[in-house]
Structures are given as C-alpha cells and as structure tokens.
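Notes follow once the structure below has been shown.
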Amino acid sequence: GACRVHRNIDLGKEAAENLIVLDPSDPRNYIMLSIMYSAAGLWSDASKLRSLMKAKVLTRNPGCSFIEHRNKIHRFVVDDYTHPDSHRIHKKLEEVMRKIQEVGFVPETESVLHDVNEEVKMDMITKHSEIIALAYGLLVSSANLPLVIIKNLRICRDCHKTAKFVSMVEKRTIIIRDTKRFHQFSDELCSCGDYS
C-alpha cells in the first residue's frame, strides 16, 4: 500500500496491526504487513508473521494468470511448467527477456520479497504467472492481435515494467486485467500512467 511506497514502515505496521485486530482471520492483513517487513529488509519479522499465518491456517489464493487461445483458456501460475508447451513457452520467455534487456530493461528486484541473492531474485521475477502467459501469447497468437491476460492479483511493478518493454520490442498491444484496473501496454507506455 501507500505506506510501503512511501517507505513509512511505522505507520504501515500500525495500520496493519489494527486491521489484524479488527479481522484476525483475513490473510490479506498479515500478507500486507509481511510485504512491508520484507521491503524494509526485516526478514525475521516477515518470517515470524508467515509462521503465525501457518499456525492459524491462513492461506491466500496463489497468483495465476489466464489467456485464451483457440477458444480455450490457459491458466499459468508462478514458475509454471505444467502446460503441454512449457518447454517452448520458457524458451520464448528467455528470448523475450534477452530482447528487452538489449534495449535497456533492468529488472526491479525489490519486487522480490525474499532474502535471496540478486541472481535468484532476477530469475524469480521472470517466472511470474502473467509473464509466462505473455510468453505463451507471443508464441501462439498472430502478431497483429492484442494479447489479453487476466490476473487474479495485482500486477507487480517489475511485471508492469516488463510488459511495457515487451510491447515495445514485439510491437504488440498487451492488455493485462488485474484486480484493480485494465493495463493497456503499447510501445512502452501503459494506459494507467504507471499507477499500477
């Protein structure tokens, strides 16, 4: 939320703790606080909170993205290798990531809220469900058609930036609907004005 964006961890912590008191069964409140802790580098606090969620058996729906091809809906999750074309999809993903890096794309690894090294963070970012769905769409659809992806969570800053660059290098319109808005990416611009 706004407290994370503006790096006001104290206010964010107070707000999240009050939300937890008001509704201790809502996993989103714990997740929000855990994300703030992780973004601030407070790894042990984030870990304790995730342990508390496990103890209370609080879970959230995993992030997933959907794209239609030939009247069939294809569903992808993070680091997904379950699709029959997963080998080709991940090869396409590697190709696209190379292309956008050649024109100046630099991943925003602060989106990865795990205590791991930078190389692992870079790998984790490219495996988000909407980016896998995007690679699949590029692989199977006609170049003159927009790609339309539906995501069940908000798009992270890095995936937003990735979609902008992909729209530029592939000369494609990409539409991603997340829980907050439609994002229409075209020639490295997004209709949301980078509000994400």
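Rounded to the nearest 10 degrees, the angle from helix 43-55 to the longest Cα principal axis of the chain is 90 degrees.
Rounding to the nearest 10 and keeping the result within 0 to 90°, find how far the Cα-based axis of helix 27-39 lies from the longest principal axis of the chain. Roughly 80 degrees, rounded to the nearest 10.
Could you pull out the pairs from 13/180; 13/56; 92/180 whose alpha carbons sit more than 25 Å apart here? With Cα atoms farther than 25 Å apart: 92/180. Taking the longest Cα principal axis of the chain as reference, the axis of helix 129-140 is set at about 10 degrees.
Normalised radius of gyration (Cα atoms, divided by 2.2 N^0.38 Å) for region 2-55: 1.03.
Here the simple spin-label model places points 7 Å from the Cα toward Cβ, and for residue 142 and residue 70 these points are separated by 1.5 nm. Of all DSSP beta bridges confined to the chain, the antiparallel ones make up roughly 80%. Highest mobility in the GNM of the chain, judged by mean-square fluctuation with C-alpha springs under 10 Å and restricted to 93, 33, 145, is found for 145. All alpha carbon pair distances within region 109-196 were sorted into 10 Å bins beginning at 0; the resulting P(r) in whole percents reads 18, 50, 27, 4, 0.
Given springs between every Cα pair under 10 Å in a Gaussian network model of the chain, which of 47, 129, 186 has the largest fluctuation? Fluctuation is largest for 47. Mean silhouette area of the chain, derived from the convex hull of its C-alpha atoms and averaged over all directions, reads 11.7 nm². Using the rule -39500 (n - 2.57) for each DSSP H run of four or more residues, divided by the residues of the chain, the 222 nm mean residue ellipticity is -15000 deg cm²/dmol.
Could you point to the residue in 189, 37, 144 farthest towards the positive end of the chain's charge dipole, with +1 and -1 charges on the Cβ of Lys/Arg and Asp/Glu respectively? Positive-most Cα among the choices belongs to 144. Maximal additional length on extending the residue 191-residue 94 stretch stands at 32.3 nm, based on 0.36 nm per residue less the C-alpha distance.
No lab work stands behind these numbers, since they all come straight from the coordinates. Predicted model only: the values in this text are computed from it and were never measured. Glycine also receives a Cβ, built like all others from the backbone with ideal geometry; neighbour counts cover every protein chain displayed.
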